[in-house]
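Heads up: the structure comes next, in structure tokens.
The values are calculated or read from the model by the stated rules, or taken from the named source; none is laboratory data. Every value quoted in this text rests on a predicted model; they were computed, and no experiment measured them. So basically every Cβ, Gly included, is an ideal-geometry build from the backbone, and we count neighbours across all protein chains shown. Areas reflect the complete protein model, heavy atoms only, side chains present, ligands, DNA and RNA absent. Shrake-Rupley method; radii C 1.70, N 1.55, O 1.52, S 1.80 Å.
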Amino acid sequence: MNLPQKVEHFAWKACRDILASKEALRQRHIAVQGGCVLCGDPMENIIHILWFCAHAKEVWASSKFTFPFNIGPNCSFLHVMEKLQRHEESQPGLTERFVSVCWGIWKERNVVRTSGMGKPGRITLKNSLGLMDEYQMAEGPRKPAA
């Protein structure tokens with residue numbers, strides 16, 4: 001991937017299901033109160049935060065993404081990434097754009113969690129894709145691995 005390191009690190013943690021969602025913290029025996037900080041759903045796990053939370057749905061609805069498969073409540077981030085990689089040839093850049101938007105949703109969730117002030121989904125989408133575009137313009141094209 002050709003993304004900022006903080007976004008790639010996010011993807012690495014999401015693929016290993018080690019992001020600090022409230023459900024993951026509970027599984028590590030860390031006491032946390034409540035559910036999703038964005039919509040109040042009692043189950044705040046990675047799948048919920050990135051796809052099924054009202055804020056995530058607003059972000060995805062304002063995008064022009066078309067996925068060649070459905071993302072269900074039993075999918076994992078890793079499973080979605082594997083499916084995206086299989087379609088990379090027919091839809092170049094889809095994986096990078098997907099990861100960037102997921103990072104933006106995660107970042108916005110953390111902003112709301114710490115300050116209570118959130119942005120509309122279309123702004124989250126614009127900011128996350130803008131970061132990716134800016135980074136890729138500065139880095140230039142990546143050379144294929146040998």
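Here are the numbers for the structure shown:
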{"item": "Condition check for Arg97: closer than 14 Å to Val7 by Cα, open to solvent by 70 Å² or more (accessible area, probe 1.4 Å) and either touching a helix residue (DSSP H, G or I) at 6+ places or on another chain (Cβ under 6 Å) or not aromatic (Phe, Trp, Tyr) (or both)", "result": "yes"}
{"item": "Helices (runs of 4 or more DSSP H) (entirely within the stretch 1-98) containing at least 2 residues that are under 20 Å from Pro120 (Cβ atoms), modelled with pLDDT of 85 or more and out of contact with any Cys (no Cβ under 9 Å at 6 or more places or on another chain)", "result": "54-61"}
{"item": "Residue check, Val59 open to solvent by less than 20 Å² (accessible area, probe 1.4 Å) and not small (Gly, Ala, Ser)", "result": "yes"}
{"item": "Checking Met132 against (1) within 22 Å of Asn2 (Cα to Cα); (2) in contact with a Ser or Thr (Cβ under 6 Å, 6 or more places away or on another chain); (3) modelled with pLDDT of 90 or more, the condition it does not meet", "result": "(3)"}
{"item": "Checking Asn74 against (1) touching a Leu at 6+ places or on another chain (Cβ under 9 Å); (2) exposed (fewer than 15 other Cβ atoms within 10 Å of the Cβ), the condition it does not meet", "result": "(1)"}
{"item": "Any hit, the stretch 30-42, residues being under 14 Å from the mean Cα position of the chain (by Cα) and either surrounded by 17 or more Cβ atoms within 10 Å (Cβ to Cβ) or over 19 Å from His9 (Cβ atoms) (or both)", "result": "no"}
